[in-house]
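> Got a structure for you, written out below as structure tokens; questions coming shortly.
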Amino acid sequence: MASTTISEKLRKQLAALPARPGVYIMRNADGEVIYVGKAAKLKDRVRSYFGSPHMLEPKTRALREHIDDFEYIVVGNAGEALILEATLIKRHQPFFNIRLKDDKRYPYLKIDVQNPWPRVYITRRIEKDGARYFGPYASAGSVRATLDLVKKLFPWRSCTKEITGRDARPCLDYYIKRCIAPCTAFCTSDEYAEVVQQVILFLEGRSDDVMRRLREQMEEASENLEFERAAGIRDQLKSIERTVERQMVSTTKNEDMDVFGMARNGDQACMQVFFIRGTHMIGRDTFMVEGTKDESDGAVLLNFLLQYYESAQYTPRLVAVPADVEDRETLEELLTERRGTGVEVRVPERGEKRKLVHLACDNAREALDMMRVKWLADATKTQLALEQLAEELALPALPHRIECYDNSNIQGTSPVSSMVVFVDGKPANNQYRRFKVKTVTGADDFATMAEIMRRRFRRAAPRAGAVEIPPVAEDEPPQPDAVGNEASPAPGDTWDLPDLVIIDGGKGQLAAAALAMREMDMHHIPVVGLAKRFEEIFVPDEDEPIVLPRGSEALYLVQRVRDEAHRFAITFHRQVRGKTAITSALDSVPGIGPKRKKALLKKFGSVKAIREASVEDVASTVGFTRALAEKVKESV
């Protein structure tokens, strides 16, 4: 459908919808599945897509424009609808759905326990063959790391030969204690089965059980005067103990839970999962989720958990999440059915579990940032992003130098602005600049943006293509950037003019910036505004915004530039706000000059500590009397 008009075919289909629970499948004109959804009443839910466009969310409006046909599947209840929806999303990977990225390719560890002499190896296919599977792992790297660790700790065979017990001699693995050589009958089938059982227990997170069994074997060997065998078990036990000690202690109680953290940006989300078994985090993994634009945290979590646990080979007793999950009770019922005993999905509100969720969220944010850093390091992608951006914005040439500006304040206090610079699609940290707002009072983003633009372009050198930096006395002194470099050049240095200016804000901020640039005779430099909510790009004197294609390299670059400007502004604002708070509290006290203020802060460290100190403690500070100390206590 190219417009909001409903075709006669769709009208007839809508009229025939049943008022029963089920799953609906939307297709475009090419017959591709573009969305899969669930409904308690198919009739009401599907019809809601074709109501007034003004009542729909932006993502739903975009979906509606592409719907050419749909079909539905009736199910018995809401739980069946959830399962079927997750299955169809995994199968078709519809563009408008929240979907676990590349889920079908995630690897697992497989132990072929149906084999008389089992091995441990990597597979990407789960079969009903009686084998034990562990996973899914987010990448081949993470599953290989786990496989290498297990191989170092437990001497199972890694060869694929047929085991007869009649080989003349064992291979090298036996001599470096990586195998107990069933090929030469150096071990019995029961002894080898015990090794495999230890591997299974370790991968399940039951390392305490593994160590208990090894201690028993070591004591038995020692009692039987098999000292060489006892020493070998002792060394293996020490290796496992060292491994467990390196794992993060998660709680003082024995727990069986998965802890999820989430970080979101635009149409992507990063999920971090900690596997807590006993008192240890036995592992963690990271997953990318796509299609999250305009979706609530609860919806993103629900869709991810459904797809994740459909593939996961183990379901814990507790699932800890950072936000309320939509249809939580139905999800708990499905996970309980899968586990065989009760499963709880909970948002921890206090204690160790809450700290773990926060730690998982921090790791998810770091992983998302790292993914962006890797993206920026890819020269092919950044070049493509610059080409797409130049085409979409109708720029005269590729934007070699991009500058982005953002304001930061809290209810008008301590207002600051930031400028970040990207050269050839990569951040140029040593060219970042911070501004304290000088002429604007209160929270006036428009006036603030105009002031910053004037200060930025005040001394443009005619025909030189560069701007002279104002003296330090007039602007801010040099400030270290995020990586410790000097963010402000010395007085007299010059800045190159940008090929593109991005304003973090909508039409108002853009209009103020464009007007200030015209006043500074910089009207030839392209300037755009990036609205946060829908990632729309506004251009001066044009009513309709430019919407970059979802998933495009250009959109990813613009988001990265905007986020960096926002981070830089927030960091500077916190510094300024902290200094202002200390200065205002002490400078308001009569008789307190720079030396006495320095003496107080050197002794107590903060205004809070001064406030909690006694009058006698303050009076004992060098340069203070009791009367002055009483004034300080009254003021702070």
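> When the residues of the stretch 554-575 are narrowed to those that are more than 19 Å from the chain's Cα centre (by Cα) and surrounded by 15 or more Cβ atoms within 10 Å (Cβ to Cβ), which ends up modelled with the lowest pLDDT?
Ranking the candidates gives His573 first.
> Related question: It is to be established whether one or more residues within the stretch 546-553 are surrounded by 14 or more Cβ atoms within 10 Å (Cβ to Cβ), out of contact with any helix residue (DSSP H, G or I) (no Cβ under 8 Å at 6 or more places or on another chain), modelled with pLDDT of 80 or more and not in a helix (DSSP H, G or I).
Checked against the condition, which is being surrounded by 14 or more Cβ atoms within 10 Å (Cβ to Cβ), out of contact with any helix residue (DSSP H, G or I) (no Cβ under 8 Å at 6 or more places or on another chain), modelled with pLDDT of 80 or more and not in a helix (DSSP H, G or I), the stretch 546-553 yields at least one hit.
> Could you tell me which residue of the stretch 179-210 is surrounded by the fewest Cβ atoms within 10 Å (Cβ to Cβ), considering only residues that are in contact with a Leu (Cβ under 8 Å, 6 or more places away or on another chain) and more than 16 Å from Tyr314 (Cα to Cα)?
Restricting to residues being in contact with a Leu (Cβ under 8 Å, 6 or more places away or on another chain) and more than 16 Å from Tyr314 (Cα to Cα), the top hit is Asp209.
> Keeping to the stretch 169-191, report how many residues are more than 15 Å from Gln236 (Cβ to Cβ) and in contact (Cβ under 8 Å) with a residue 40 or more places away in the chain. So that I can check it myself, show each step before the final result.
Filtering the stretch 169-191 down to residues more than 15 Å from Gln236 (Cβ to Cβ) leaves 169-172, 175, 181-186, 188-190.
Right, trim to in contact (Cβ under 8 Å) with a residue 40 or more places away in the chain and you get 182, 189.
Qualifying residue count for the region: 2.
> Still on this structure: All but one of (1) under 15 Å from Pro155 (Cβ atoms); (2) outside the structural domain of Lys151 (by TED's automatic domain parsing); (3) of a type outside the set (Ser, Thr, Tyr) hold for Asn224; which doesn't?
(1)
> While we're on this one: I'd like the full set of residues that are part of a helix (DSSP H, G or I) and more than 31 Å from the chain's Cα centre (by Cα), limited to the stretch 32-54. Talk me through it step by step, then tell me what you get.
So in the stretch 32-54, the residues part of a helix (DSSP H, G or I) come out as 42-50, 53-54.
Leu42, Lys43, Asp44, Arg45, Val46, Arg47, Ser48, Phe50, Pro53, His54 - these are the residues of the stretch 32-54 that are part of a helix (DSSP H, G or I) and more than 31 Å from the chain's Cα centre (by Cα).
> Which condition breaks for Val244 when tested against (1) in a helix (DSSP H, G or I); (2) surrounded by 20 or more Cβ atoms within 10 Å (Cβ to Cβ); (3) at pLDDT below 85?
(2)
> Across the stretch 222-233, what is the total count of residues that are at pLDDT below 80 and either in contact with an Asp or Glu (Cβ under 8 Å, 6 or more places away or on another chain) or hydrophobic (A, V, I, L, M, F, W, C) (or both)?
Total meeting the criteria: 1.
The values are calculated or read from the model by the stated rules, or taken from the named source; none is laboratory data. The model shown is predicted, which means the values in this text are computed figures rather than measured ones. Note that each Cβ is placed from the backbone with ideal geometry, even for glycine, and that neighbours are counted across all protein chains shown.
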